[in-house]
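Values in this text are rule-based calculations from the coordinates and carry no lab data. Just so we're clear, the structure is a prediction, and the values are computed from it rather than from any experiment. FYI the Cβ positions are ideal-geometry reconstructions off the backbone, even for glycines, and counts take in every protein chain you see.
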Number of protein chains: 2
Amino acid sequence: MPTPDLHLDPSIAARLRRDAAGLVPAVVQQHDTGEVLMLGWMDDEALRRTLTEGRVTFWSRSRGEYWRKGDTSGHTQHVRSVALDCDGDTLLVRVDQVGAACHTGDRTCFDAGDLAAVVAPALSPGGEPGRDGPV
Amino acid sequence: MPTPDLHLDPSIAARLRRDAAGLVPAVVQQHDTGEVLMLGWMDDEALRRTLTEGRVTFWSRSRGEYWRKGDTSGHTQHVRSVALDCDGDTLLVRVDQVGAACHTGDRTCFDAGDLAAVVAPALSPGGEPGRDGPV
């Protein structure tokens, strides 16, 4: 049997800008609806597993261990694409989410958290404010 | 004139779980298309400004200063909603983005960063793997 490659691709590792704990935030998005489901954290090994296993693995900061989403809950995340941002310090993982992404049972971790905000007037199609408001 | 309230709403501040630098990550999403545009960082004051000004303000970790998106580039972010996640350590800010969200000129900071990933088989409408693949 070939020896499995247990290191993250060096060309990807070289682009990662990790925090002091060696982690980068990973935004998880439902690939077709665009819902932002949650944010987790990955080190090099969690990213390697996510890129090679078809399932999303995080590093759990609270438990101090790898956490393959859904192994306990059944609410698995199936990888559709992974992108690194322009400065290498954030990942965007597009998935097919089975069931609820949030441990509360909500579809996303943001469903119950709306904050009161002053909302800007809608923009015009050209990108200038004021489409829906009086000129 | 009334004295402006320059403190973040205490009921919101009490829910925030900040990192060691006093920051939480803020995922920024185009409200209608669902595009994840970028991720920035906010302290209490950046969040207060974002909730009250109709424009998104971050804390720039590299420059060590507040940064109201678009003041220099013109690529402003107009707030549509703000949500805090289930455990209080991540924000989701839905916006109307004027022009490019990324300093590279790309629409999003993830446009140029696709990583090679093993992609999972598509899920069935019921959430089980296998819809598009052979059974």
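At a glance:
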{"quantity": "Top of A:A21, A:A117, A:A13 by mean-square fluctuation, Gaussian network on chain A, Cα under 10 Å", "calculated": "A:A117"}
{"quantity": "Chain A, dipole about Cα centre (Lys/Arg Cβ +1, Asp/Glu Cβ -1), debye to the nearest 20", "calculated": "220 debye"}
{"quantity": "Over chain B, relative contact order from alpha-carbon pairs under 8 Å, at least 6 apart, %", "calculated": "19 percent"}
{"quantity": "Global geometry of segment A:10-97, whether rounded, prolate or oblate, following the gyration tensor of its Cα atoms and the 1.5 cut on a/c", "calculated": "oblate"}
{"quantity": "In degrees, nearest ten, helix B:44-53 long axis to first principal axis of chain B (Cα)", "calculated": "90 degrees"}
{"quantity": "Dimensionless Rg/Rh of the protein assembly as shown - Kirkwood Rh, Rg from C-alpha atoms", "calculated": "0.98"}
